Amino acid sequence: MADTTSSSRSAASRWSSIDRVWMAAALIVLFVAIVDPYRVDDVIGFAARALAGTLPFIGFAVFAIAYLKATGAENLLARAFEGNPTRMIVMAALLGGLSPFCSCEVIPFIAALLAVGAPLGAVMAFWLASPLMDPAMFAITTGAITLEFAIAKTLAAVALGLFGGFGTQLLSRTPLFTDPLRSKPAVGGCCGVKAPFSATPVWKFWHVEERVQIFRHAGLNNGIFLLKWLTLAYVIEALMVYYMPADFIANVLGGGGIGTILLGSVVGMPAYLNGYAAAPLIGDLLDQGMAPGAAMSFMIAGGVSSIPAALAVWALVKPRVFAAYLGFALAGSVFAGVAWQLVAST
């Protein structure tokens, strides 16, 4: 009996150690090999070529994130939450759209800020802008779509942060935002982040062995993270290229009407993978006829509502504030989609 229990636990441990993203990519290829064996080489070749073409952008993204973490430059973000509330919202939106935080780091960072009295408007601005863009995502989006789209998405991230931040400030005295926090949110996280208010960045980090280790660890972790998600994205993209009717996307998400843009937002919220995996998929959909505005609204709405980003908010605030977070995201994504549609069509 003991042997059976031990064997079951061992099997469960091995199962839990399997990365679900790699497994999903492998299962898709296996499925193609079973149902259409003559096409499996095309699918694998397409994904390999697409991944190879993105490698320079992956390399830059990995180096940028590792450098920022090794130097401790993230600690500079705390300064955005000091001084005049209006200035705080503007700075939080700007820095949120450029920060290299992973989703698990956002929770302790924001919890620490709320603990020292940072206004909810500035926190909301950072929350909305942060999951939409960072140095790695900018590089991947540039490679998978275009530089112009990456710049536009960055501007949209900052604009959404401003929209949500000032909206929250305007409604701060209403029942919606009264007593917004869950009881005693904890400062801590899966990344081992400390409260970001004391350390001073060390730009020449290679002189400090501990920071060199952080650089290596961050580079390796983010390199694996990007490779696995982009591999899955390109395998899915290969399926779209070889099996999706050429005019399907143009018929469903083509055109420049508000309905198409709204559909992009509504579909993007529950369907999003993450910003890294979504970029190559959106790039392919654009090639197949997806409207630029719908692509932008999909990326914005989905980025804010993706599970890691949403959990960072849900963990700290009450449901009504979380609902406001999603409401700002939906409205802002539609505005961003309309604006990009107008720009792209000129």
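Numbers for the structure displayed
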item: Peptides ranked, highest mean first, by Cβ atoms within 10 Å: ranges 122-131, 218-227, 139-148; result: 122-131, 139-148, 218-227
item: Where labels lie 7 Å past Cα in the beta-carbon direction, separation of PHE31 and LEU181 in nm; result: 4.4 nm
item: Karplus (6.51, -1.76, 1.60) ³J(HN,Hα), θ = phi - 60°, over region 129-143, in Hz, Gly and Pro reported as x; result: 7, 4, x, 8, 7, 7, x, 5, 5, 4, 5, 5, 5, 4, x
item: Long-range amide H partners of VAL317 with built H, under 5 Å; result: ARG182
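The numbers here are math on the coordinates, done by the rules we state, and not lab data. Owing to the predicted nature of the structure, the values given are computational and were not obtained by experimental measurement. Every residue, glycine as well, gets a Cβ built from its backbone with ideal geometry; the counts of neighbours run over all protein chains shown.
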